[in-house]
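Asker: Quick one: structure below, then a few questions.
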Ligand code: TLP
């Protein structure tokens with residue numbers, strides 16, 4: 001059955017070109033640094049962000065955790081957004097596996113941090129307190145509705161980090177969406193950062209994998225962290241081959257997904273009973289109006305069962321839904337979704 005799947009961009013499948021490249025990929029044992037396709041992916045990824053080195057990891061979660069383990073010691077603290085993916089949706093891996101204490105601060109609507117919040121969260125040099133070692137940003141910001149963080153805001157945090165001898169890590173799971181939305185080069189969004197993770201398997205359509213970029217010594221430590229997390233793969237060139245296509249051809253078309261998200265939001269806003277909450281990049285958040293007869297589960301079930309359209313409720317206790325556009329959601333699919341929502345709510 002063919003579904004129009006708007007639950008996330010993680011559901012995107014590899015393209016035919018990726019499958020072809022995967023079948024033909026030259027491979028070796030990546031734990032011996034012998035896989036030419038992985039090496040190529042890492043070299044291209046590092047160059048794209050103006051960093052010295054890169055390591056191919058299994059997922060965004062693993063990339064972020066490898067970064068924190070490589071930057072911090074047990075007992076260190078990091079300043080992180082209270083709605084960030086690292087803090088909320090990665091099982092507290094930093095604390096669970098790394099003995100690192102998260103110090104959450106509020107994330108503003110534009111995904112930035114207030115300087116006063118950063119300053120208040122920074123521990124003084126006092127033996128009662130953990131040593132603050134790092135600040136983590138997220139771009140685009142998932143819980144802030146997919147908003148792209150502006151380079152000037154990144155620069156402010158980078159300057160704060162430098163002044164206080166902190167490292168700056170960026171969870172750039174969707175950094176190319178941010179670059180497309182802001183009309184800047186991805187490198188500009190890594191300026192001042194010590195490390196950045198980006199995902200190949202979200203809007204870029206690769207079947208699996210993320211890349212962590214940073215300095216040479218940092219990446220050596222991150223590779224050790226990846227090993228202990230069980231993330232070192234062998235003939236991983238099969239996956240990296242899809243990643244190379246993602247980097248070379250898919251990152252530059254993400255603007256289309258943003259246009260489709262905008263069209264979707266515009267169309268939905270004209271349907272009685274729908275309230276658009278936020279639309280940024282490839283994200284659309286909307287709510288069902290309180291007066292509707294239909295409950296949120298009934299709405300989601302009707303779209304799935306009668307129209308083969310998949311949507312995710314944002315949380316079980318709200319009437320909000322979160323949609324993401326991606327490569328496999330084209331204009332005709334947007335039209336079908338709008339017609340289906342109109343029919344379900346009529
Ligand atoms: N996010 C997923 C879910 O985990 C919520 C999604 O569908 O959006 N950073 C950010 C900003 C993310 O949104 C995600 C995935 C990750 C990191 C983790 O990536 P993976 O799923 O590859 O571990």
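Asker: Against the definition (outside any helix (DSSP H, G or I) and either farther than 30 Å from residue 279 by Cβ or within 16 Å of the chain's Cα centre (by Cα) (or both)), how does residue 37 come out, yes or no?
Answerer: Taking the combined requirement at face value, the residue does not satisfy it.
Asker: Scan the stretch 283-321 for residues that are modelled with pLDDT under 95 and within 25 Å of residue 14 (Cβ to Cβ) and report the count.
Answerer: 1
Asker: Count, please, the residues in the stretch 130-154 that happen to be assigned to a helix (DSSP H, G or I) and in contact with a strand residue (DSSP E or B) (Cβ under 9 Å, 6 or more places away or on another chain).
Answerer: Looking only at that region, the number is 2.
Asker: I want to confirm something. Restricting to the stretch 130-154 and keeping residues that are more than 18 Å from residue 106 (Cα to Cα) and in contact (Cβ under 8 Å) with a residue 12 or more places away in the chain, which single residue is nearest to the ligand (Cβ to nearest atom)?
Answerer: 151
Asker: Can you find, within the stretch 155-173, the residue that is farthest from the ligand (Cβ to nearest atom) among those that are in contact with a strand residue (DSSP E or B) (Cβ under 7 Å, 6 or more places away or on another chain) and part of a loop (DSSP other than H, G, I, E, B)?
Answerer: 166
Asker: Another question about this same structure. Have a look at 285, 299 and point out the one that is touching a strand residue (DSSP E or B) at 6+ places or on another chain (Cβ under 8 Å) and either surrounded by fewer than 17 Cβ atoms within 10 Å (Cβ to Cβ) or outside any helix (DSSP H, G or I) (or both).
Answerer: Of the residues listed, the single one that is touching a strand residue (DSSP E or B) at 6+ places or on another chain (Cβ under 8 Å) and either surrounded by fewer than 17 Cβ atoms within 10 Å (Cβ to Cβ) or outside any helix (DSSP H, G or I) (or both) is 285.
Asker: Among (1) surrounded by 24 or more Cβ atoms within 10 Å (Cβ to Cβ); (2) without any contact (Cβ under 8 Å) to a residue 12 or more places away in the chain, which single condition is residue 266 missing?
Answerer: Residue 266 satisfies every listed condition except (1).
Asker: For the stretch 21-34, which positions are touching a residue at least 12 places away in the same chain (Cβ under 8 Å) and outside any loop (DSSP other than H, G, I, E, B)?
Answerer: 21, 22, 24, 30, 31
Asker: Would you confirm whether any residue within the stretch 50-72 is within 15 Å of residue 242 (Cα to Cα), in a helix (DSSP H, G or I) and touching a strand residue (DSSP E or B) at 6+ places or on another chain (Cβ under 6 Å)?
Answerer: Scanning the stretch 50-72 turns up no residue that is within 15 Å of residue 242 (Cα to Cα), in a helix (DSSP H, G or I) and touching a strand residue (DSSP E or B) at 6+ places or on another chain (Cβ under 6 Å).
Asker: Tell me yes or no: at least one residue of the stretch 6-23 is crowded, with 16+ Cβ neighbours inside 10 Å, within 16 Å of the ligand (Cβ to nearest atom) and farther than 22 Å from residue 242 by Cβ.
Answerer: Yes, the stretch 6-23 contains at least one residue that is crowded, with 16+ Cβ neighbours inside 10 Å, within 16 Å of the ligand (Cβ to nearest atom) and farther than 22 Å from residue 242 by Cβ.
Asker: Specify the residue that is surrounded by the most Cβ atoms within 10 Å (Cβ to Cβ); the eligible residues are those in the stretch 67-103 that are over 23 Å from residue 164 (Cα atoms) and more than 13 Å from the ligand (Cβ to nearest atom).
Answerer: Across the stretch 67-103, the extreme among qualifying residues is 97.
Asker: Here is a list of conditions, (1) buried (at least 17 other Cβ atoms within 10 Å of the Cβ); (2) in contact with a helix residue (DSSP H, G or I) (Cβ under 6 Å, 6 or more places away or on another chain), and residue 255 meets all of them except one; can you say which number that is?
Answerer: Answer for residue 255: the failing condition is (1).
Asker: Any residue in the stretch 42-53 that's in the same structural domain as residue 245 (by TED's automatic domain parsing): show its pairings with residues that are assigned to a loop (DSSP other than H, G, I, E, B) and surrounded by fewer than 19 Cβ atoms within 10 Å (Cβ to Cβ) at Cβ separation under 6 Å, as long as the two are six or more apart or on different chains.
Answerer: 52/215
The values are calculated or read from the model by the stated rules, or taken from the named source; none is laboratory data. The structure presented is a predicted model; accordingly, all values stated were derived computationally and were not measured. When we count neighbours, we look across all protein chains shown, and the Cβ atoms used for this are built from the backbone with ideal geometry, even at glycine.
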